[in-house]
Amino acid sequence: MLDPETLSHVSDIILSPPAANKYITLSDRLIREFADSEHRKIKKKLLTELQLDDDKPSHLLRKMKEMSGGQLQDEFLKNLWLQRLPSQIQAVLSVSSETLDKLAEIADKVADVAFTSAVYSTTSAPEPNTKNSPQKFGDVLRPRKVHFWPNIKPTRVSHLGVI
C-alpha cells in the first residue's frame with residue numbers, strides 16, 4: 001500500500017497502467033523520484049560531510065575538487081573550502097586575490113606556522129611534590145595528545161546561506 005504523497009508521484013501509472021511490465025514501470029518511476037542522484041550526493045557531501053580534520057588545507061581542496069568533478073565554479077568552491085578552514089587562516093586568505101591553487105599553498109604555509117606556534121606554546125606539567133602529595137609516576141609522564149588544530153575551530157560563512 002502506498003501513502004498519499006508517494007501515490008501522487010505515480011498516479012498516472014496507477015490510473016493508466018501500461019499493458020506490459022506494470023511493476024517494472026512503477027518500480028522505475030519510484031526509484032527515479034526518490035533516489036538521490038549522484039549530483040545530489042556529491043553536493044550533500046561537499047556541503048556537510050567534508051571537514052579539514054588533520055589534513056592540510058590543500059588536501060581538503062583537492063578532495064573537494066575531485067568530488068565536484070569540475071562541475072563547480074572556482075568562486076563557489078573557494079567559498080565552500082574557506083568555511084571549513086580555521087578563522088585565522090580565513091582572515092589571511094580573505095585579503096588575497098590569488099587563484100584558488102595559490103590560496104591553497106598560502107593556507108598550507110599559514111597552517112604550518114599556526115601548528116608550530118601552537119606546539120611550542122603548550123605548557124609542561126608542574127613539578128610533582130612527592131613529599132606532600134603522592135602521585136603515580138605514570139600520571140606525571142602521561143603523553144599529551146596534540147591535535148593538528150589545537151583550539152582552532154572552523155567558522156561558517158553565513159553569506160552563502162550554508163550553515
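Observations
- Looking only at residues of segment 7-54 that are within 30 Å of Leu103 (Cα to Cα) and free of Cβ contacts under 8 Å to residues at least 24 places away in the same chain, we find that the one that is farthest from the chain's Cα centre (by Cα) is Glu38.
- Test: residue in segment 100-115 that is in contact (Cβ under 8 Å) with a residue 60 or more places away in the chain, surrounded by 13 or more Cβ atoms within 10 Å (Cβ to Cβ) and in a helix (DSSP H, G or I): no
- Filtering segment 27-82 to residues that are over 30 Å from Asp12 (Cα atoms) and of a type in the set (Ser, Thr, Tyr) leaves Thr48, Ser58, Ser68.
- Qualifying positions in segment 84-99 - of a type in the set (A, V, I, L, M) and surrounded by 13 or more Cβ atoms within 10 Å (Cβ to Cβ): Leu85, Ile89, Val92, Leu93
This table checks each residue for (1) modelled with pLDDT under 85; (2) within 25 Å of Ile42 (Cβ to Cβ).
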| site | (1), (2) |
| --- | --- |
| Lys63 | no, yes |
| Gln83 | no, yes |
| Gln88 | no, no |
| Ala91 | no, no |
| Asp108 | no, yes |
| Pro126 | yes, no |
| Gln135 | yes, no |
| Leu141 | yes, no |
| Lys145 | yes, no |
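The values are calculated or read from the model by the stated rules, or taken from the named source; none is laboratory data. Quantities reported herein were computed from a predicted structural model and do not represent experimental measurements. We place every Cβ from the backbone using ideal geometry, glycine too, and count neighbours over all the protein chains shown.
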